[in-house]
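Note sheet for the following structure.
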Amino acid sequence: MRALTKTTLADTAVEAIRNEIIAQRWLVGEKLPNEASLSSMLSVSRGTIREAVRVLVSQGFLETRQGSGTYVLSTADVSRPLDMARRAGLRDRFEARLALEVEAARLAATRHSPAVVSQLRALLAARGNYAGGGKAAFVERDLAFHKAVVAASQNRAMIEIYEFFSLSIAETIAATLGESIPEPDMQAHIAIVDAIEAGDPEAADSAVRRFMAPVVATLDRLLMS
């Protein structure tokens, strides 16, 4: 691997390591070199390597084993172009995500606390707006917000189901950062928090549906083309 020179070192480290995983430099089940070795290979700090590994774990490429190290969990490339079959699969995932997030937002509206609302607004501020570059880190920040909305439902089964499908959900987020599918803007996210804070489950339901509607409509149009 070549030494990194870009300013977004963590994001570039994610890309470099992920590319090596997809190319099967390390096979599924194989242990990655330790932090010091990866740091030397990429000419970045060990902290940058830790951040890159954390992102790749959240994306399902790696897993960490306490006291043992970091291992390859998957070499599947989830960034391949959208073909017709994947568009259909992606629409199904958005529908499933919509069902989970609508009910989570409804419950959050009736069970939230001021601390939860403050956390959601802080996560939105940290998320910011996507301006190109740093895609993996942005997906992680956006996913953190949506996980927090689900957590605010206080429904343990729903939280566990959402966590189980988090890699698939992360891919739905990433799909909106290209040119084909619209990314829900900051105002659409704020509307969800506002409805939760107002304690209005119907408004929370509507806010999530408005959030998803342009995405699902676009996928329908692409499937028809």
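The values are calculated or read from the model by the stated rules, or taken from the named source; none is laboratory data. This one's a predicted model, so the numbers in the text were calculated from it and none came from an experiment. Ideal geometry is used to build each Cβ from the backbone, glycine not excepted, and the neighbour counts take in all protein chains shown. What goes into the accessible areas is simple: the full protein's heavy atoms, side chains included, and nothing from ligands, DNA or RNA. Shrake-Rupley method; radii C 1.70, N 1.55, O 1.52, S 1.80 Å.
Could you derive backbone 3J(HN,Hα) for segment 47-60 from the dihedral phi with the Karplus parameters 6.51, -1.76 and 1.60 (θ = phi - 60°), listing whole Hz in sequence and x where the residue is Gly or Pro?
Once θ is set to phi - 60°, the couplings for segment 47-60 become x, 5, 5, 4, 5, 5, 5, 4, 5, 5, 5, 5, 8, x Hz.
How large, in percent, is the carbon and sulfur part of the accessible surface of the chain at a probe radius of 1.4 Å?
That fraction is 54 percent.
How far is helix 166-175 tilted off the main Cα axis of the chain, in degrees rounded to 10, range 0 to 90?
90 degrees
Place a +1 charge on the Cβ of each Lys and Arg in the chain and a -1 charge on the Cβ of each Asp and Glu, then give the dipole magnitude about the Cα centre in debye, rounded to the nearest 20.
520 debye
Under the classification rounded if a/c is under 1.5, otherwise prolate if a/b is larger than b/c and oblate if not, where does segment 142-225 fall, given a ≥ b ≥ c as square roots of the Cα gyration tensor eigenvalues?
oblate
Between beta-carbons, use under 12 Å as the cut-off and find the net charge around Ala204, counting Lys and Arg +1, Asp and Glu -1.
For residues surrounding Ala204, the net value is -3.
Rolling a 1.4 Å sphere over the protein heavy atoms, what is the accessible area per residue of the chain, to the nearest Å²?
Accessible area per residue, the chain: 50 Å².
Shape verdict for segment 82-178, please, from the Cα gyration tensor: rounded (a/c under 1.5), prolate (a/b greater than b/c) or oblate.
Judged from the Cα gyration tensor, segment 82-178 comes out oblate (a/c at least 1.5, b/c at or above a/b).
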